[in-house]
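The values are calculated or read from the model by the stated rules, or taken from the named source; none is laboratory data. Keep in mind that this is a model prediction, so the values were computed, not measured. Here Cβ is always computed from backbone atoms with ideal geometry, including for glycine, and neighbour counts include all displayed protein chains.
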């Protein structure tokens, strides 16, 4: 699991629809903001989450699950 146990915690919270900013998610999970940044860097690099600027505060980042990418191979079965 990218990011180890903390990566798993963050991924589960994001998948459950935990709203808010990166800072709020870290506070909810009890993860220091510098550690949170590193964890999100790792799981974002693995294409499991995406971070986007908060429209209300461009200094803040919002997180969301990455959308699965399906590619067709011509055999009727896509890979995710």
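Before moving on, here are some points about what is shown:
- Hits in the range 19-37 - residues which are in contact (Cβ under 8 Å) with a residue 24 or more places away in the chain and either more than 10 Å from the chain's Cα centre (by Cα) or not in a helix (DSSP H, G or I) (or both): 20, 21, 23, 25, 31, 35, 36
- Among the residues making up the range 3-18, a single one is outside any helix (DSSP H, G or I) and buried (at least 17 other Cβ atoms within 10 Å of the Cβ): 3.
- Pairs meeting the criteria (first residue in the range 44-61 and at pLDDT 80 or above, second residue loosely packed, with under 12 Cβ neighbours inside 10 Å and outside any strand (DSSP E or B), beta carbons under 6 Å, at least 6 apart or on different chains) are lacking.
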